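Since every read-out is calculated from the coordinates, none of them should be taken as a lab result. Keep in mind it's a predicted model, so treat the numbers as computed, not measured. Here the Cβ positions follow ideal geometry from the backbone for every residue, glycine too, while neighbour counts run over all protein chains shown.
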């Protein structure tokens, strides 16, 4: 079982919209969700390492207490980890992922973390999901992936995974390419998919 990070495990897309808005003059939340959600920092900032570092530092400042991962999501991840190998695949940098999942007390649930730092091509390219399958020692078609953005769904589907599209970030209409839809990561959905 594989979880995306931003907006999927961590209910932080509004935080990201705020941080990008602070760094990109004139960017509205609506524009962030319409055009940028799910993309890598390299894509958004054109590889500008100074802007990327500023974005990561501000993000960590706002969410490093782990509170963006709620108790129901933590319970669902713990349930999955007790039954199947669990990975995290994200367009986020490892530094920010580790800060949040560590503070949320779920770091030990993930046998694999594939971050933006670990791949040459970000979502919607399937490289990160293919890498996760390799590290989990399973075929990509065996992956069950939770994603909250269209680019994430595209990446997971291109890898051959079964995808649960979460509708709380972009809405159901933009997640139609997923194999099934759910509002969010929750224990009943994870229990059903682990059985």
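With contacts taken as Cα pairs under 8 Å and at least 6 residues apart, the stretch 98-172 reaches a relative contact order of 25 percent. Packing, as the average of other Cβ atoms within 10 Å across residues, places the peptides 123-130, 111-118, 173-180 in the order 123-130, 111-118, 173-180, highest first. Full extension of the chain between residue 181 and residue 22 gives 54.1 nm of extra length, using 0.36 nm per residue less the Cα-Cα distance. Working from Cα pairs under 8 Å separated by at least six residues, relative contact order for the chain is 23 percent. Computed from the C-beta positions of residue 167 and residue 50, the FRET efficiency with R₀ = 25 Å rounds to 0.10. Across 136, 27, 181, mean-square fluctuation computed from a Gaussian network of the chain (C-alpha pairs under 10 Å connected) peaks at 27.
What is the distance in Å between the Cα centres of the stretch 91-117 and the stretch 124-195? That distance is 17 Å.
Name the residue, out of 18, 83, 107, whose mean-square fluctuation peaks in a Gaussian network model built on the chain with Cα pairs under 10 Å. Result for the chain, Cα springs under 10 Å: 83 fluctuates most. Only helices enter this figure: runs of n ≥ 4 DSSP H residues, each worth -39500 (n - 2.57), summed and divided by the residues of the chain, yield -12000 deg cm²/dmol at 222 nm to the nearest 500. Below 8 Å, C-alpha to C-alpha, sequence gap of six or more: please give me the relative contact order for the stretch 13-63 in percent. Relative CO of the stretch 13-63 lands at 37 percent.
Extending 7 Å from the Cα toward the beta-carbon at both residue 103 and residue 158 defines two label points whose distance is 3.2 nm.
With springs connecting C-alpha atoms under 10 Å apart, model the chain as a Gaussian network and identify which of 21, 122, 165 has the largest mean-square fluctuation. With Cα springs under 10 Å in the chain, the top fluctuation among 21, 122, 165 is at 21.
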